[in-house]
Structure formats: structure tokens, C-alpha cells
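*Asks:* Structure below; questions to follow.
Read the figures in this text as sums done on the coordinates, not as results from a lab. This structure is a prediction, so every number in the text was calculated from the model and none was measured. Cβ: placed from backbone, ideal geometry, glycine included. Neighbour counts: every protein chain shown.
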Amino acid sequence: MKETTIIEKVKIKKKLHNAVLLTGLPGIGLIGQVVGRYLVEELKAKKVAWLLSPHFPHQVFMTKKGGMRMVKNTFYHYKGKKNDILFLLGDIQAISSVGQYEVASVVLEYCKKLGIKEILTVGGYSTGTLSDQRDVLAVATSDNLRDRLKKKGVIFGKANGCIVGAAGLLPALSRLYDMEGACIMGETHGSYVDTASAKQIVVLLSKYLSIKVDIKRLDKRAKESQKILKKVQEEVEKSVEAQYAAASTNVSYIR
């Protein structure tokens, strides 16, 4: 295999209705991955295609049954009342700039063939701090999409810097394919799996896409992760206080 390829398990013959691509790929805080996998499971979305690429790491996964499988990205389809949703989940992202652009182009060409007009990527926005209050931030390629997301409580203008990987490239390049796109980001510390931030985005997307999602499982996981975080924060604060106290007792002056 010399180039990125999509293998269709199910041929979607008709163009999708009012369709949206929603990604759930690995990234900061694994927020996108948690959101994507949870929605696919809860909505029972159907697997329709795989994406394989020589730009993914040269490895395969060993299975519990003693088999093996390729590192891949997978497309799932869900037919909602308001929107058809095509989910893109994945084990990994391309490991080079050339690979990122090639994979993004192949994904967008597939989306265009299916009649998709809106690209939504989900990721984490690293703050480096532990906080109970997390905002949902976004950047978008059009005023129209920006206004629609604002009505659901998404904050624009607060995030700054660069978006690395598919979360930024897919919506940015979507304009070349006559689509509009946005990257939706949950605020997170950035060094752990942030289920609480992912939960906020699931709730937001359920409203924006008019889909019914039971968040009980995710809510339970979010509460458990918050308890763990508070314990970690308390231990960090105790450690800092102990180091400060030790430093204070060992202060010496040159006379």
C-alpha cells in the first residue's frame, strides 16, 4: 500500500441528508476520542468504512484471540432525524506533516462524495491547570457556523495559538471542498484523560445535532475522574507546602 486508502464495508449509494462529519481522534486529554467513541456506542452507529495509511506507524495490534489487525481509522454512520452523522474514530493520527495533509484530503474527498457539508472536529485545549469549571471553546471557518454554535453556548475568541493535526486541518481544508468546519475544544489540564470535559461536549453536541444521548455512563466516569483529580491536587499542594517549609528551615546567609 503506497497511499492512504478508504475501504468501504458498506456502500452508501445515496448522498446523506444534511450531513455532518464528526471526528473522535486521539489528541490532548483524549477528549475527542472519548466523545467520539461514547456517541458511536450510545447511538449504535454502523461501521461503514476503514481508512488505512502508510503514514500511520509501521505496527499492527495483536488481538486477544491470537490474531492481528492494522492500525486504522474507522467511519461510522448514524441517521438522525435532523442530520446524518458520519463519525471518524481512530487508533492514531498520521505521524508526519505530509501524512496529515494526505489523510485529511482523502477524508474530505470521501465526505464530499457523500454530500457532507459540515466538518466538526473535537479536541482538547490545554490550560495546564486543574479546574472544576471548564469552558467549551471553538474556532470556525464561517460566520454562519460560528453563530449556530454560539447559540448553544460555545465560546469563540478565547482560544489562541495553534491546533496541531487533524483537529485543525480537517475544518481548515474543508473550505477547499465547498464545506464549512469548526474545531470544538474542551478546556483541560492536558496530562490526563479528561472525561468531565468530554461530557460537556457530548451534552453540547446532543443539543446542536438534535440527538438523544444517555449520559449516565459518562457522567459516572466524569465524577470518578473528578474525585481522582481532587486527590491528586491535594497531594500536589501538600508536596509544594512541604518543599517550601523545608527550604525555609534550611536558609543560610552569607555574612
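*Asks:* Using θ = phi - 60° and the Karplus form 6.51 cos²θ - 1.76 cosθ + 1.60, what ³J(HN,Hα) does each residue of the range 157-169 get, whole Hz, x for Gly and Pro?
*Replies:* Residue by residue, the range 157-169 yields x, 8, 6, 8, x, 10, 10, 9, x, 4, 4, x, 5 Hz.
*Asks:* Using the number of other C-beta atoms within 10 angstrom as an exposure proxy, rank THR127, THR74, THR121, THR63 with the fewest first.
*Replies:* Exposure proxy ranking, most exposed first: THR63, THR127, THR74, THR121.
*Asks:* Hey, fewest Cβ within 10 Å first, where do ARG134, ARG69 land in order?
*Replies:* ARG69, ARG134
*Asks:* Rounded if a/c is under 1.5, else prolate if a/b is larger than b/c, else oblate: which is the range 5-214, with a ≥ b ≥ c the root eigenvalues of its Cα gyration tensor?
*Replies:* Rounded is the answer for the range 5-214, as its axis ratio a/c remains below 1.5.
*Asks:* LYS158: which lysines have alpha carbons under 16 Å from its alpha carbon, excluding same-chain residues fewer than 8 sequence positions away?
*Replies:* Those lysines meeting the cut-off are LYS150.
*Asks:* Right, next: I'd like the distance between the alpha-carbon centres of the range 5-56 and the range 70-107, rounded to an integer number of Å.
*Replies:* 5 Å
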